[in-house]
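Heads up, the thing below is written out as structure tokens.
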Amino acid sequence: MNTIKEDIFSALPDDLIVKARSMSRAYEYIYCIENILRLHLDKSNRSSKLIIPMNIQKNINDRKNDELKNRWHALRGDSDLFYSDFKDIGSIITNNWDSFKDDFPSQYWINGKIEDLARCRNLIAHNSYIDYHELELIRANVNSIIRQLGLAPLSKISQSSAKSSQAFIEGLSRSEVWTLDEVETGKEFILD
């Protein structure tokens with residue numbers, strides 16, 4: 001990824017640029033899953049029949065009114081769902097469980113994933129750094145939801161996993177194993 005190439009950023013520490021690139025990946029995952037879920041809730045005009053809790057509807061209306069006052073800003077979308085918070089998607093699913101019970105294994109399953117993703121999303125939204133563990137949590141939850149909704153065929157995912165496993169195993173063909181004593185005493189080794 002070729003982000004932040006402008007001269008104005010040349011004085012920034014290299015680790016800041018590296019972290020920004022890493023965070024851009026996290027943002028992509030969150031942006032996609034948040035909008036995939038909104039689109040899923042909105043699909044087939046189902047959203048017109050959704051029961052939206054009053055507190056969430058109030059926030060939606062406030063955001064829509066604010067948008068009317070600030071027309072210079074891009075619109076969020078043509079559905080109320082695009083004015084809701086990410087964490088509210090779980091509440092909307094729960095309040096309309098009869099419409100979504102065939103889409104998810106359980107309310108606990110989808111709400112747990114949304115809750116984990118929302119925590120990471122809030123860190124990203126406030127420009128905090130998330131580490132490798134949190135990025136992997138995001139990836140795992142996004143992949144689980146996408147597979148559950150049938151948006152990624154399992155066979156395609158399995159094939160790509162098999163290819164990466166095969167490459168990983170091939171890469172181990174020239175590996176060397178050291179004992180703990182060798183590592184502690186400073187065994188010399190050369191990396192290719």
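Net charge of the neighbourhood of Ala125, taken over other residues with C-beta under 12 Å away and scored Lys/Arg +1, Asp/Glu -1, is +1.
Counting 0.36 nm for each residue step from Tyr31 to Arg139 and taking away their Cα separation leaves a gain of 37.7 nm. Label-to-label distance, Lys19 versus Ser106, with points set 7 angstrom from Cα along the beta-carbon direction: 3.8 nm. The modelled label-to-label distance for the pair Leu151/Lys49, using points 7 Å beyond Cα in the direction of Cβ, is 2.2 nm. In this structure, the pairs whose alpha-carbon distance is over 26 Å, taken from Lys43/Lys101; Lys43/Lys64; Lys49/Lys69; Lys19/Lys113; Lys69/Lys113, are Lys49/Lys69; Lys69/Lys113. Evaluating 6.51 cos²θ - 1.76 cosθ + 1.60 at θ = phi - 60° for every residue in segment 68-79, the Karplus couplings come out as 5, 6, 10, 5, 5, 8, 4, 6, 6, x, 9, 10 Hz, glycine and proline recorded as x. The calculated P(r) of segment 17-124, using every Cα pair and 5 Å bins from 0, goes 2, 11, 20, 21, 20, 14, 7, 4, 1, 0 in percent.
Every read-out reported here was derived from the displayed coordinates using simple, explicitly stated rules and does not represent laboratory data. These numbers were taken from a predicted model, which means no experiment stands behind them. Neighbour counts are summed over all protein chains in view; Cβ atoms, including those assigned to glycine, are modelled from backbone coordinates with ideal geometry.
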